Structure formats: structure tokens, C-alpha cells
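Presented below is the structure to which this report refers.
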Amino acid sequence: MSGDSWQYVLAGVVAAVAAYRVLSHMLEQSAYELEFCRQAQRRRQRRNGQGSSGGTAATIRAESLGKLALHADYRLRRAATDVLYDSAAGGRVARLAVTAAVQGSDVERRRAVTLLQALAQSAGRQRRLARAGAIEALVTCVGARDKELVLRAASALAEFVGHEDGAAAARFRQRAAAAGILSVVASVLERDTDAVV
């Protein structure tokens, strides 16, 4: 290669490194800003005596959070997903998912239970989901004939009854028992046993 060619290659490498650094800095700054918004919201909630709700989602537009939830940077993606899940667990989305899990078509029920299963993976969201009626809806789904629905509903219920706080887990187990989980499981076992015989 001639001297001019090396200069072009070197200039291209320098430009690529500079662009990478600028983009990296911008992404890192976005992650810090998102985390700052979440911390500020938590401070406001503590000051006002509120629990942890997804108030940050009101500060950041849902479209922006959706884009951040698909981002390549794991920390940014995780923070945005948590904010979206937090806002979904305590509001209208949770109530719609509970309703769809009980009254929807087979496809809607599977989707609703999958959403409830994802939301229930965080101990902080479980109390809000329980208030929305998720445990009772999941107990109903355990009695369904659709095996995938039954497995997802049972998995989501396991998230509730295996809660890291023993007292909360006991309350969730009592709610499941009050919703009739024992009779539902017994009928499912009888139905599966009859199908085998």
C-alpha cells in the first residue's frame, strides 16, 4: 500500500474509534439518566409514604422505554424492562391480564398467564399482582385442559408461594387455598389419571 492509502485507513480507524466512544458515552449516559429517574422516584415515594410503584414510567414515555428495553446494552435493557414491568404490575395492565386469564380465548389466556408469570418473578411486584386478583386467576388456569396453560399458571403460582419473605409466602398460599387450589389440583390429577387408564 502506498503512503496515502495508509493515511486513509488510519483516518478510518480513528473515525470508527471516535464514533464508538461517542456512542458508548451516550448509551452509558442514558443508562445513568434512567437510573437517576428511578432513584428520584423512589425518594419521592418514600417521602410521600408510598410503596414502590412504576411512577418512573410516567416520567419517561412508554415508547422510549420500549426502545430502551430492546437495546443492546444489558444494563439499560434491564432497567427499562424493570420500569415497564413495574408499571404493568400495579395498574390496568395487570387487571386486564387477570381478566384475560380467566375469560379470554385459549390464546389470550396463554398470553395473559405468560405475562403474569413474567411479572411475578419479582418479589416487589407480587403483592400488587395479588391485589389485582392474579392468584385466583392462576388457580383457575391450573384447572384448564390446555397443558401449556396449566404449566405456565403453576409456574407463576410457584413464584408467589415461594416468595423470599416467609410471611408473604404464607399469605399467598392462604389466598391460593381460599381460591380452591387443592380441589383444582385434585381434579387435574383425577382427569390425568383417567386419561392414562
* **Those residues of the stretch 108-142 whose amide nitrogen sits under 18 Å from the label point placed on VAL185, 7 Å along Cα→Cβ** => 135-142
* Asked: Just how large is the dipole of the stretch 82-190 about the Cα centre, in debye to the nearest 20, putting +1 at every Lys and Arg Cβ and -1 at every Asp and Glu Cβ?
  -> 260
* Asked: So what is the accessible area of the stretch 114-154 per residue, in Å², with the probe set to 1.4 Å?
  -> 41
* Normalised per residue, the volume of the convex hull around the Cα set of the stretch 117-167 (Å³) -> 66
* Asked: Using mean Cβ contacts within 10 Å as the protection proxy, how do 124-130, 143-149, 161-167 order, highest first?
  -> 124-130, 143-149, 161-167
* Any chance you could look up the accessible area of ARG43 with a 1.4 Å probe, heavy atoms only, rounded to 10 Å²? => 100
* Asked: Once you put a point 7 Å from the Cα of ARG75 and another 7 Å from the Cα of LEU151, both along the Cβ direction, what distance in nm separates them?
  -> 3.7
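The values are calculated or read from the model by the stated rules, or taken from the named source; none is laboratory data. The model shown is predicted, which means the values in this text are computed figures rather than measured ones. Cβ sites come from the backbone with ideal geometry, for glycine too, and all protein chains shown count toward neighbours. The accessibility values were calculated without ligands, DNA or RNA, using every heavy atom of the protein model including side chains. Shrake-Rupley method; radii C 1.70, N 1.55, O 1.52, S 1.80 Å.
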